Amino acid sequence: MLKQEFLTQLRSGLEAASIEDIDECIEFYDEMISDRIESGMNEESAVAQMESIDSIINNYKAEKPVAKLIMDKVQKSHEEAKGKGKGTLWIVLAIIGFPIWLPILIVVFTLLLTLYIVLWCIVVAVFCVLVLIGAVALSGLFIFIMMFTGLVPWPLGIFSLGAGLFLGGLAVLLWHPIWSLCKSIAGMIPAIFRKIKKGIA
């Protein structure tokens, strides 16, 4: 396949999927193929190494909000029914099925929202554990200092010093793994929802 044929098919697919900023997308892939040709590849080889058109379109679809993806799906279904001469029947069935599909739609949105909140809560909770360990360590050191004022008994002050040093060391040791874990989970969230949206698309 030559570059112009690839770009023409890509444009048609993006238009059919109601993707925004199509010109920017075409320009991006045009430049990418041109760069490969300039580096010494022939045109057909440069195009052959590109991602498939369907995959590109699906990636762009996955960037759409879930509500827009569902609306596109409904619109496509209606257009297919109209093409078969069953547009009126489709509308009648949609109205009759309203008490069924609306609650299902609400449940789906609720589950997705809950999943999104839960994943971010895990990130916040894990990070809060680290902050709490650090805060307790500082509290132990503060109690130790207060021991010299006579407001805190010596045994409690010594114990607080040991506990503070232990927890402070633990916080330092856990900082990097916990920070990495939080970043990993935060990075997974968009990937999970991109896969969900690709499934809807």
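Taken together, the values in this text are just the output of simple stated rules run on the coordinates, not laboratory data. Since this is a predicted model, take the numbers as computed values, not measurements. When we count neighbours, we look across all protein chains shown, and the Cβ atoms used for this are built from the backbone with ideal geometry, even at glycine.
Considering only residues that are more than 21 Å from Cys182 (Cβ to Cβ), within 44 Å of the chain's Cα centre (by Cα) and not aromatic (Phe, Trp, Tyr), which ones fall in the range 144-167?
Ser160, Leu161, Gly162, Ala163, Gly164, Leu165 - these are the residues of the range 144-167 that are more than 21 Å from Cys182 (Cβ to Cβ), within 44 Å of the chain's Cα centre (by Cα) and not aromatic (Phe, Trp, Tyr).
If I go through the range 165-199 residue by residue, how many of them are of a type in the set (Gly, Ala, Ser) and within 21 Å of Cys121 (Cα to Cα)? Total satisfying the criteria: 6. For the range 12-36, the candidate set comprises residues that are touching a Phe, Trp or Tyr at 6+ places or on another chain (Cβ under 8 Å) and in a loop (DSSP other than H, G, I, E, B); within that set, the residue that is surrounded by the most Cβ atoms within 10 Å (Cβ to Cβ) is Ile19.
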